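Read through the structure below, which is laid out as structure tokens, and then see the notes.
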Amino acid sequence: MDSIIFWGVIGLAGVIGLCIIGLIFSRLYTRASAERAFVRTGLGGQKVIMSGGAIVLPVFHEIIPINMNTLKLEVSRASRDSLITKDRMRVDVVVAFFVRVKPTVEGVSTAAQTLGQRTLAPESLRALVDDKFVDALRSTAAQMSMQDLQDAREQFVQGVQNTVAEDLTKNGLELESVSLTNFNQTSKEFFDPNNAFDAEGLTKLTQETERRRKERNEVEQDTEVSVREKNRDALAKKLEIEQQESFMKLEQEQQVKTRTAEQNARIASYEAERRQEAEQSRITAERQVQESEIQREQAVRTRKVEAERDVRVKEIEQQRVTQMAAIEQAKVTEIAEQEKAIVIAAKSEAQSQAQGRANEALAEAVKAEQMVETTRRTAEADRAKQVALIEAAQEAETQAVHVTTQARAEREAAQMQATAIVELAEAARKKGLAEAEAQRALNDAINALSSDQTSLKFKLALLQALPGVIQQTVEPMKAIDGIKIIQVDGLNRGGAVAGTGDAGNGGGNGNGNGNGNLAEQAMSAALSYRAHAPLIDSLLKEVGLTGGSLQGLVPGLAAAAGHNADAQVLPLTHASYAAGGPRIEPGSAASN
């Protein structure tokens, strides 16, 4: 029993001891990682730990951590610290160096010895190796011109990498790559003219920039000339196209108008022909109707005259025995009637003269009355004028202030109106120019028409204006109330007979008929009077006379004499007119 307890205590103690040893080892054990290695120095010598770990005793050991990551070290050389190239030019560069510690025992050991903990601070590491990088940049840039640097950047980067790689190895570093992130020419203000390198580079830079400026100017001028020539050609082409389009539109419009005018002319001609044919047909029909009516009336009158002539001939044959006595009695009666007519005509002339003197007296009285009225109205007008002048003077005095104020307002309004008138005049001028341009284009289009087209347009215009011309021509005919056409054949019986008779007998008697004795002439005159009595009565009624007796003719002739005292009175009776009897004139003797 006691042995069991003993061994139990020993086992428990062993377990506790193992736990204590494990706890101590966990506290003192330091591990390395893929990003960070370390170098242990002290008890046991230097030991490089890149993977795994090691016991680090606080008193006996010391560790130096080494960063195994790739570090970016950027170097900038610009302005006065810029690089000088082979052709003595200055360039501003920004170069990025990507470096890391060599992943070998020797590299880590060397980095720990030369760099220490600077690998953990990139800025401290860059400050340490910056001079190496600058020296590599200057030496490489001195072997290449600025144009080569621009055109062969890879060669420059490779040269820098080859130059700096060996120096970095001494510090346990290796150069992964070099990147030229920025490259540009240094501004001229940082060139020192007193420096031989800068003076040479400044000369080359000035020559190159001036040459380039000259070439650029030539290119710009050539480009501008080319552009303006191109614009000119394009504008000319555009204007030519617009001109062709305008000509095509005008030609199309002209063709349309020509076709329309031709169609309208054909339609108008067709309508005019139809109207002319219809009018001609109507006129022909009316003329035929009138001719038929005239022929019918002539036939009726001819038959009537022939019938009356037959009756008269029979009556003349029956009364031939007693005719001589009747003729003698008729001559006596006719002489008495002529003497009576002479007396009546003389009295009519005296009455006409008296009427004329009465009219003149009446005219003088009216003239005197008008003079009195004129004098009265002149006096009234003078008095009204004086009153108006007095009232105008008073009104002018009372309205002086109003006139002054109104004049000022009118002056301002006139100024505003003048401005508006100027603007309106300018607008009217522009409108007039546009209308003149349009009219000029229209005139050019009209001038381009051929003579046939111009003649056609003139004829169309004449056809359009013809209704108005005809309307103005027939305008005076509206004042005519009516027209009566009377065809009279056979009234001048004596002239007709004389025209067919013997010339030597024409002046033989007063009737103008040289054939037959007195009885035959009286009988013929009576027959003619009976045949034409209705027509003569109608004609006398048209002029306001009554032909039944001499007393019916006198009032109308006296009224005419009142208007014209010198007019001759020609009293006629049916018998004397039909028989070619005597004409009675005032103041003359009776003639047979």
Normalised Cα Rg of region 220-268, dividing by 2.2 N^0.38 Å with N its residue count, works out at 2.13
For region 1-135, what is the convex hull (Cα atoms) projected area averaged across all directions, in square nanometres? 11.7
If packing is taken as the average number of other Cβ atoms within 10 Å across a peptide's residues, how do 236-247, 64-75 rank, most packed first? 64-75, 236-247
Determine, from the Cβ-Cβ distance of ILE5 and THR30 and an R0 of 60 Å, the FRET efficiency 1/(1 + (r/R0)^6), rounded to the nearest 0.05. 0.90
If you take the beta carbon distance between GLU106 and ARG228 as r and set R0 to 60 Å, what does 1/(1 + (r/R0)^6) give as a FRET efficiency, to the nearest 0.05? 0.25
Going from most exposed to least, what order do ARG259, ARG376, ARG309 have by accessible area with a 1.4 Å probe? ARG259, ARG309, ARG376
Got a sec? Which residues in region 60-93 would a label at ASN184 touch, if it sits 7 Å along Cα→Cβ and we count backbone N under 11 Å? 79, 92-93
State, to one decimal in nm, how far the label point of GLU437 lies from the label point of ASP131, with both points 7 Å from Cα in the Cβ direction. 8.3
Keeping every protein chain in place, order GLU410, GLU154 by accessible area at 1.4 Å, biggest value first, i.e. largest first. GLU154, GLU410
Region 162-219, accessible surface, carbon-and-sulfur percent (1.4 angstrom probe): 45
How much FRET efficiency would the formula 1/(1 + (r/R0)^6) give for LEU23 and VAL59, where r is the Cβ-Cβ distance and R0 is 22 Å, rounded to 0.05? 0.75
So if each residue of separation counts as 0.36 nm, and I subtract the Cα-Cα distance between ALA268 and GLN150, what length gain in nm does that give? 33.6 nm
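The values are calculated or read from the model by the stated rules, or taken from the named source; none is laboratory data. Given the structure is predicted, the values throughout are model-derived calculations rather than measurements. Using ideal geometry, Cβ is built from the backbone for each residue, glycine included, and neighbour counts are taken over all protein chains shown. Surface areas here come from the heavy atoms of the whole protein model, side chains and all, with no ligands, DNA or RNA. Shrake-Rupley method; radii C 1.70, N 1.55, O 1.52, S 1.80 Å.
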